[in-house]
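Note sheet for the following structure.
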Amino acid sequence: MMRSLFAGVAGLKTHQTRMDVIGNNIANVNTTAYKSQSMVFSDLMYQTTRAASGANATTGVGGVNARQIGLGSKTSSIKTAITSQGAAQSTNDPFDIMINGSSFFIVNNGQENFFTRDGSFYIDGAGNLVMTSTGYNLMGWGVNEETGEIQKGNVQPLKIMTTENMTYDPQVTTDAVIDGIIDRFDTDLDTTEGRIMNLEFFDNQGYKYTAQFSVHDVDGEHGKFYVQLDQIKDADGKSVFSTTDANGVTTFNGVIFGKNITIPSVAADGTATIKTVKNAVILSFVDGKGTFEGVGGDGYTAGANGAIGTVQGTLSKDPISLTFTQPNFLANQDDLPAGKTPGVISIDFSGCLNYNKNGTSTMGALAGDKKGLGAGLKVGEMSGVTVQKDGKIYATYDNGQRKLLGQIAAASFANPSGLAKQGDNLYSSTMNSGEFDGVGIDITADGGYMESGVLEMSNVDLAAEFTEMITTQRGFQANSRIITVSDTLLEELTNLKR
């Protein structure tokens, strides 16, 4: 009877422990990324009143099993469903991040690393990405300043809102394209103003300028036209032209486009004269295809500064460039692509054609080469931040660019169930979970990925927890009955003396 009392007490204790586990699960039903736990029972120990005996071949007596009396139950283990994915809760906050897979975020309190599935982060006053609940730094890898690529190594705090990252450096315009169809019957070509084209470009400090070109028909010569630079204005619409020297070279703060070009001109009465056109180049076309006649070409009078552009070439095959120096600020050679000259914009005329377009020309100017490179940029202000599936963090800017700011590293363990819980949704590594190597992994390496704008919810199943609660309650109740019945038996025993 005393054994049954102790067995009942052991049963009460284990069922109480199980109820504690269930209560903790239910309490954390809305805890971000909480992983539910379950308890496993095992029998406690046994008192052997008779040992087992084997069969006796001589006497023919059979063996006898051991006689053992159990002394109750105990907690065998408390398991955590750490690999069971919780449902997704949409928040639309880019710094709310959910891990899909079995990896963990790495966070640091300034002294040691912890691991978490809680992906609720924010930017603190120092520009670091930190846990919303604890302020611990989210760890990852920085960017190599020379290559712009992720530089992997020991994880470090992700400081993404730095002064350098808040803006995107301006880029000087190095290339431009003038292309389209010139229809020789376009009436605009015969006017004093000509057909107008504008080219917007940037210097290396992000200031924008607009160059105004005009296209004119060369009198009496079908298929020959000249392109003239009429004006360059700053962002406020003010002209930056200054002087024209004796050789016809127009300069503004060191800018030179072209020099005087002499062109035959036929008057209405048939009288042939020579006119001088400043800041111009000539385009000649045969059967719609063109050649570039500009610096050093026929009918061109070179100025004192000498040739500043490519001499001649076939427009339909090889790109031909016309260059002019930008105002105010010359580009730093180190900031330019290979083969580019500081302070020079190369204008490609190779896409110009002379075809019938019903009297309408489509010729236009656009910054950048035919691949869109070298167009230049204004200073970009950060307009948003995005987190990719591989944990890479990009900033977007209002000049259309984006910049890689860093990458969130992930930690993977051979036995994630072996991690020790530290509260605040944190885990630490143990001898049975496997050690963290200090570097981490790209989350996509083990098939996982990160999803921005959502949080992982608790994986607690309330229906299962209430069912477990019922069976636990009945088990506790039954064990309490063992104690009360055993007590009644002891009472009967003491009553024998009466």
Grab the beta carbon distance between Ala57 and Val29, set R0 = 60 Å, and tell me the FRET efficiency rounded to 0.05. 0.40
FRET efficiency, 1/(1 + (r/R0)^6) with R0 41 Å, evaluated for Ser84 and Asp398 via beta carbons: 0.45
So for R0 = 30 Å, FRET eff. of Lys275-Glu200 from the Cβ-Cβ r, to 0.05, ends up at 0.50
Can you list the residues of the range 1-17 with backbone N under 14 Å from a point 7 Å past the Cα of Thr488, pointing along Cα to Cβ? none
In nm, the gap between the two label points placed 7 Å beyond Cα toward Cβ at Asp43 and Asp437 is 4.6 nm
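Considering only Cα-Cα distances, which of the following residue pairs are longer than 20 Å: Lys371/Lys392; Lys79/Lys421; Lys275/Lys357?
The answer is Lys371/Lys392; Lys275/Lys357.
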So who's got an amide H within less than 5 Å of the one on Tyr34, skipping anything under 5 residues away but keeping other chains? H placed 1.01 Å off N, in plane. Ser458, Asn459
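Take each of the peptides 56-64, 231-239, average the number of other beta-carbon atoms within 10 Å over its residues, and list them starting from the highest.
231-239, 56-64
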From Cα pairs below 8 angstrom and at least 6 apart in sequence, can you work out the relative contact order of the range 86-141, rounded to a whole percent? 30 percent
Skip the ligands, DNA and RNA, and give the accessible area per residue of the range 391-442 with a 1.4 Å probe, whole Å². 43 Å²
For the residue pair Ala463 and Ile69, what label-to-label distance in nm results when each label sits 7 Å from Cα along the Cα-to-beta-carbon direction? 4.5 nm
Assuming 0.36 nm per residue, please report the length gained on full extension of the stretch Gln156 to Gln477 beyond their Cα-Cα distance. 110.2 nm
What distance in nm lies between label points placed 7 Å from Cα along the C-beta direction at Ser76 and Ser428? 3.0 nm
The long-range amide H neighbours of Leu44, using H built 1.01 Å from N in the peptide plane and a cut-off of under 5 Å, are Leu71, Gly72, Ser73, Lys74
Accessible carbon and sulfur surface of the range 64-172 relative to its total accessible area, %, 1.4 Å: 41 percent
Going residue by residue through the range 353-367, the Karplus relation 6.51 cos²θ - 1.76 cosθ + 1.60 with θ = phi - 60° gives ³J(HN,Hα) values, rounded to whole Hz and with x marking Gly or Pro, of 9, 10, 10, 6, 9, 6, x, 10, 9, 10, 4, x, 10, 8, 5
Dipole axis of the range 142-249 (+1 Lys, Arg; -1 Asp, Glu on Cβ), positive-most option in Tyr168, Tyr226, Val215: Tyr168
When the Karplus curve 6.51 cos²θ - 1.76 cosθ + 1.60 is applied with θ = phi - 60°, which whole-Hz ³J(HN,Hα) does each residue of the range 22-30 get, with x for Gly and Pro? 4, x, 5, 4, 5, 4, 9, 4, 10
Two decimals is fine: what's Rg over Rh for the range 338-416, C-alpha atoms, Kirkwood radius as Rh? 1.25
Between Gly140 and residues 5 or more places away or on another chain, which pairs have amide H atoms under 5 Å apart, with H built 1.01 Å from N, and which residues are they? Gln156, Leu158, Ala409
Starting with the highest mean, order 95-105, 124-134 by the number of other Cβ atoms within 10 Å, averaged over the residues of each peptide. 95-105, 124-134
Can you list the HN-Hα couplings for the range 438-453, worked out from phi with the Karplus curve (6.51, -1.76, 1.60; θ = phi - 60°), rounded to whole Hz and with x for Gly and Pro? x, 9, x, 9, 6, 4, 6, 5, 10, x, x, 7, 9, 10, 8, x
Quick check: net charge around Thr80, other residues with Cβ under 10 Å of its Cβ, Lys/Arg +1 and Asp/Glu -1? +3
To one decimal place, what orientation-averaged projected area in nm² is obtained for the convex hull of the Cα set of the range 394-498? 13.6 nm²
Placing one equal point scatterer on each C-alpha of the range 88-208 and summing with Debye, one gets log10 I(q)/I(0) at q = 0.21, 0.22 Å⁻¹ equal to -1.23, -1.29
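The values are calculated or read from the model by the stated rules, or taken from the named source; none is laboratory data. These numbers come from a predicted model, not from an experiment. As a convention, Cβ positions derive from the backbone with ideal geometry for all residues, glycine included, and neighbour counts pool all protein chains shown. Accessible surface areas use protein heavy atoms only, side chains included; no ligands, DNA or RNA. Shrake-Rupley method; radii C 1.70, N 1.55, O 1.52, S 1.80 Å.
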